[in-house]
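Accompanying notes for the structure given below.
The values are calculated or read from the model by the stated rules, or taken from the named source; none is laboratory data. Bear in mind that the values here come from a model prediction, so they are computed numbers and not experimental data. Here Cβ is always computed from backbone atoms with ideal geometry, including for glycine, and neighbour counts include all displayed protein chains. Just so you know, the surface numbers come from the protein's heavy atoms only, side chains and all, with ligands and any DNA or RNA stripped out. Shrake-Rupley method; radii C 1.70, N 1.55, O 1.52, S 1.80 Å.
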Amino acid sequence: MRRREFITLLGGAAVAWPTAARAQQPERMKRIGVLMGYPESDSEAQTKIAAFQDGLQKLGWTEGRNTRIDTRWATPADAESMERFAKELVALQPDLILSSTTPTTAALLQQTRAIPIVFATVADPVGSGFVASFPRPGGNVTGFVVFEASLAGKWIELLKEIAPRVNRIAFLFNPATATYAEFYLNPFKAAAASFAVEAIAAPVRDRSQLDSVVSAQAREPNGGLIVMPDSFTDLHRAEITSLAARYRLPAIYPRRIFTEVGGLLSYGIDQLDNFRLAATYADRILKGEKPADLPVQSPTQYELVINLKTAKALGLDVPVHLQQRADEVIE
């Protein structure tokens with residue numbers, strides 16, 4: 001072989017070797033940030049994370065193999081820690097961030113308008129300024145809604161069915177965490193008028209105020225309570241249901257987890273489904289799609305759960321037709 005031909009051949013091989021080596025290298029591990037608006041000790045919040053991870057795994061994303069998940073936990077009303085953790089996650093430059101609630105989404109959007117964000121349980125993403133519209137979010141965030149505003153009227157209807165004498169209903173929420181409160185309060189007031197019920201806004205700013213707010217509603221006869229979907233009320237579900245029982249106040253809740261700890265009845269969605277669905281959007285974004293092109297999705301299925309033991313303790317007879325409509329009756 002001539003010297004020139006040998007050098008040419010050797011040079012071509014030198015170019016080919018790195019290319020072949022690169023082709024054999026594993027794909028870069030994807031990094032996912034998670035900001036939870038609950039303390040890490042909350043068992044319900046842990047099941048939400050597990051539902052998200054399970055959804056990812058079913059789609060081929062396994063932590064430690066092709067994904068790394070960095071999770072931060074902040075209590076609902078602690079805006080300072082939520083902002084700090086949002087900054088930490090954004091500084092890690094993940095491929096996307098899962099946001100659990102309205103406050104966590106707001107905190108993250110203050111830090112980034114570039115990193116994709118998927119929210120799992122937000123009430124009013126348009127009114128909160130997160131997205132331009134449901135079909136075309138338009139920015140770096142999209143996700144899943146927990147309830148429609150019209151459910152406020154449904155909660156009144158169900159509470160009246162189980163406790164017909166109720167003529168005053170307080171809507172319990174924390175304005176710091178339920179920044180979207182008017183989204184539910186306006187239809188609540190409109191629906192209350194059609195049921196000849198007095199509508200009362202009942203803001204509570206921390207756990208220490210719960211007793212005074214609930215007891216105030218029980219001072220006059222025929223009072224009732226609706227608990228707004230809110231990470232604060234979720235976290236303090238045991239205290240709220242115990243207070244309603246102590247003051248013999250008929251109450252309706254937005255989630256099954258309240259009836260499981262003694263609440264009278266609940267009507268809402270299974271939020272674990274939202275976290276599983278969030279995994280499907282995470283999968284699509286990790287594969288190259290943009291949040292701006294993924295429509296915000298509303299719930300399509302609601303569940304009614306009735307606690308007969310609590311109804312009996314309150315001296316309420318649950319109509320048979322209501323029991324038949326229930327997805328679950330706790331006895």
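Just a few scattered comments:
- Once segment 56-66 is narrowed to residues that are touching a residue at least 60 places away in the same chain (Cβ under 8 Å) and not in a loop (DSSP other than H, G, I, E, B), the residue that is least open to solvent (accessible area, probe 1.4 Å) is LEU56.
- Residue count for segment 211-227 satisfying the condition of being surrounded by fewer than 16 Cβ atoms within 10 Å (Cβ to Cβ) and either part of a strand (DSSP E or B) or in contact with a helix residue (DSSP H, G or I) (Cβ under 8 Å, 6 or more places away or on another chain) (or both): 2.
- Scanning segment 176-206 for residues that are under 23 Å from ALA163 (Cα atoms) and part of a loop (DSSP other than H, G, I, E, B) yields PHE195, ALA196, VAL197.
- Just one of the listed residues (ASP293, ASP230) is modelled with pLDDT of 95 or more and either open to solvent by less than 20 Å² (accessible area, probe 1.4 Å) or farther than 19 Å from ILE156 by Cα (or both), and it is ASP293.
- One residue stands out among those in segment 172-210 that are touching a Lys or Arg at 6+ places or on another chain (Cβ under 9 Å) and either within 24 Å of GLU239 (Cα to Cα) or β-branched (Val, Ile, Thr) (or both): the one that is surrounded by the most Cβ atoms within 10 Å (Cβ to Cβ), which is ASN174.
- Residues of segment 71-86 that turn out to be under 17 Å from PHE119 (Cβ atoms) and either open to solvent by less than 20 Å² (accessible area, probe 1.4 Å) or of a type in the set (Phe, Trp, Tyr) (or both), as a count: 6
- One residue stands out in segment 296-331 among those that are under 18 Å from the mean Cα position of the chain (by Cα) and surrounded by 17 or more Cβ atoms within 10 Å (Cβ to Cβ): the one that is modelled with the highest pLDDT, namely VAL296.
- Within segment 133-166, the residues that satisfy the criterion of being touching a residue at least 12 places away in the same chain (Cβ under 8 Å) and open to solvent by 40 Å² or more (accessible area, probe 1.4 Å) are PHE134, PRO135, ARG136, GLY138, GLU148, SER150, LYS154, GLU157, LYS160, GLU161, ARG165.
- Test: residue in segment 17-36 that is small (Gly, Ala, Ser), modelled with pLDDT of 95 or more and either farther than 16 Å from ALA282 by Cβ or open to solvent by less than 40 Å² (accessible area, probe 1.4 Å) (or both): yes
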